[in-house]
1. Determine, yes or no, whether B:Phe164 is in contact with a Phe, Trp or Tyr (Cβ under 7 Å, 6 or more places away or on another chain), among the aromatic types (Phe, Trp, Tyr) and at negative phi.
2. Among the residues of the stretch B:132-145, which ones are within 11 Å of another protein chain (Cβ to nearest Cβ) and either of a type in the set (Ser, Thr, Tyr) or crowded, with 24+ Cβ neighbours inside 10 Å (or both)?
3. In the stretch A:304-352, which residues are of a type outside the set (Lys, Arg), in a loop (DSSP other than H, G, I, E, B) and farther than 17 Å from A:Met150 by Cα?
4. Looking at (1) touching a Lys or Arg at 6+ places or on another chain (Cβ under 6 Å); (2) part of a loop (DSSP other than H, G, I, E, B); (3) buried (at least 24 other Cβ atoms within 10 Å of the Cβ), which is the only condition A:Leu199 fails?
5. Evaluate the stretch B:119-129: report whether one residue or more is away from chain A (no Cβ under 12 Å), within 13 Å of the chain's Cα centre (by Cα) and either surrounded by fewer than 24 Cβ atoms within 10 Å (Cβ to Cβ) or not in a helix (DSSP H, G or I) (or both).
6. Out of the stretch B:4-35, which residues are at the interface with another protein chain (Cβ under 7 Å from one of its Cβ atoms), assigned to a loop (DSSP other than H, G, I, E, B) and of a type outside the set (Ser, Thr, Tyr)?
7. Sort out which residues of the stretch A:232-256 are more than 7 Å from chain B (Cβ to nearest Cβ) and under 26 Å from B:Val179 (Cα atoms), and write them in order of number.
8. Could you list, in sequence order, the residues of the stretch B:160-194 that are more than 7 Å from chain A (Cβ to nearest Cβ) and in a strand (DSSP E or B)?
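Values quoted throughout were computed directly from the atomic coordinates according to the rules given, and no laboratory measurement underlies them. Computed from a predicted model, the values in this text were never measured in an experiment. For neighbour counting, all protein chains shown are included, and Cβ atoms are generated from backbone atoms with ideal geometry for every residue, glycine included.
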Amino acid sequence: MIHFHPEKARAFAQDDARAHWHDKALWFVRVKRDRGAATVPEWERLREAAAGIKAHTLSRLAGYLEEFERNATANGMQVHWARDGEEHNRIVHGILERHGVTRMVKSKSMLTEECHLNPYLEARGIEVVDTDLGERIVQLAGEPPSHIVMPAIHRKKEEIGELFHEKLGTPAGLSDPTLLTEKARQHLREKFLGAQAGLTGVNFAIAETGGFVVVTNEGNADMGTTLPPVHVASMGIEKVIPRLADLGVFTRLLARSATGQPVSSYTTHFHAPLPGGELHVVIVDNGRSRMLADAHRRQALGCIRCGACLNTCPVYRRSGGYSYSYLIPGPIGSVLGGHRDLRGHASLPFASSLCGSCTDVCPVKVDLHHQLLVLRQEAGEQGLVPLGKRMGMKAASFAMARPGLFRAGGRMARWLLWAAPGLARIGPAGAWLRGRELPVPPRESFAELYDRETAGSGEDRS
Amino acid sequence: MNARDAILGALRAAGATPVEAPAHPAPVPQGEPVARFLESVKAVGGSPYRVPDAAGLAAGLAALPAWSAPRRASLVPGVPGTVDLAAVTDPHQLADLDVAAIPGELGVAENGAVWVKGESLGPHRAVFVIPEHLVLVVSAADVVHDMQAAYGRLTLPRPGYGLFISGPSKTADIEQSLVIGAHGARSCAVFVVG
């Protein structure tokens, strides 16, 4: 897996026009995020508060989960616990089986992707319909989501028209997003009306009130939970927050960070099942408690899945969601995937320029680029770095520890790059020059320049 | 050991150092809330209207194309509808509902959201999302600056239900093109009374 990201990214970048189109589409969302954030004077203090609330909650998570369970049960919900994805799937299937469910409508939940719920239920004869438009598109295409907020961001409208023609029987050649959305609305409305159960994720669970919040723009979670009598909500243990008032902080940050909207269209608070219906909450660990045990890794559990770090990441934008080996792409996915299974995702900590833009936009201030750096160090210690990179690093550290050698090497490199620039394109280092022009090498090093400029001024470098 | 005890046990064993909960920052109020609310409703794809009183609301509804559709449900006191929600036994029967008028408890100036408490939805929660069009009615006195203020004031009985609605249903999942009317209401008129 140590070559996963570079190889997939190279394949993505092969189609230059598409790679640029993808880059621009994501940057457009990043710019909207900036505009949204700028409308809130106390934005930075909100980020501080959000990070603080998450750190506080994670420091006493067991207590808050118990408080949530107690209050949710008092509100008439049924709370279940699952150690891993398999247990989660078994619980969900058990509920559906008891009610004789043959079709379940589902709104977006990265957790159910993580648990591979859809194939589990489909193998047991239950039709699962993803109802978020982007998720329905990738489901029909037989693909995983390529972005956590905009699952079909990698697909062009013409391709979606073709897919709908093939799968939904719409006329051939449709490419107008309004028309395509209308077709999907009609197709999914039938599914909503014919489902016996709905499943949603959980954006926030509130310990104090024993309820939870689900946020969508499309209203698909609302269609799926107000028509069928059975609602299953799947949540990771990290989704709980202490108080209802904390939502004032998080709802101001979430949509602005995700899409630049001041708030999503529907922010629905569930504190009771439908009259005569059932509401089940499945609380899932699946490796999260292990992450919590490490003070540094713990931070990543504060993520509220806004996707801002994906949209801003120069590597994600230019390499696409499918170049990441973990199901959540981009900086947060590389961090979560790396913490979960570094051997399985060894290329991900290197799928970053460490520019730190992800950390700057994160609404809960997860120190993403620093976490990636730590994961690189761990990958190095565990021998999960490709040989070429390892040798290069060794050579660099040997030279940097010896100033004389370093200076001599620099002189030689400057001369060589001037005399025979073609040499730089040979060998593994040549990868840096793919798609780039080599600048003219400077005549002298910074140290030489510094010495010359400060000669006689009394300053020295010691 | 059952899953619950195993998970809680693992979390306790993690022994995280307790971190104090932070105070929430005090929002800086921006502008006159009702004017900002009306602007925000427009920005999120809704249609804002300001009316002085119940008579103004009636006149506004009469002039609203969406409200001229035949199957109308109203949960707003004093506004008559054509569909008796109490007589509907199954929310699936609302599939052909044209429009619903629903009272909001609060309006939020910063984002055009309206807090609708569960009781205001009548016997069927689906009434806000299943019709083709939506009308929300909120009193000018109940418009607050921001979400933090809203959470300080809203009522959410437990057990119960409630939601913020900000404009019509929308999506940008196809090439980032904004399309109004994904699964829920295709239009959202918001009347501010007073």
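1. Spelling it out, B:Phe164 is indeed in contact with a Phe, Trp or Tyr (Cβ under 7 Å, 6 or more places away or on another chain), among the aromatic types (Phe, Trp, Tyr) and at negative phi.
2. Passing the criteria: only B:Leu134.
3. Hits for the stretch A:304-352 are A:Ser325, A:Asp341, A:Leu342, A:Gly344, A:His345, A:Ala346, A:Ser347, A:Ala351, A:Ser352.
4. Unmet for A:Leu199, out of (1) touching a Lys or Arg at 6+ places or on another chain (Cβ under 6 Å); (2) part of a loop (DSSP other than H, G, I, E, B); (3) buried (at least 24 other Cβ atoms within 10 Å of the Cβ): (2).
5. There is at least one residue in the stretch B:119-129 that is away from chain A (no Cβ under 12 Å), within 13 Å of the chain's Cα centre (by Cα) and either surrounded by fewer than 24 Cβ atoms within 10 Å (Cβ to Cβ) or not in a helix (DSSP H, G or I) (or both).
6. B:Ala14, B:Ala16, B:Pro18, B:Val19, B:Glu20, B:Ala21, B:Pro22, B:His24, B:Pro25, B:Pro27, B:Val28
7. If the condition is that a residue be more than 7 Å from chain B (Cβ to nearest Cβ) and under 26 Å from B:Val179 (Cα atoms), then A:Phe250, A:Leu253, A:Leu254, A:Ala255, A:Arg256 are the ones that fit.
8. Matches in the stretch B:160-194: B:Ile180, B:Ser187, B:Cys188, B:Ala189, B:Val190, B:Phe191, B:Val192, B:Val193.
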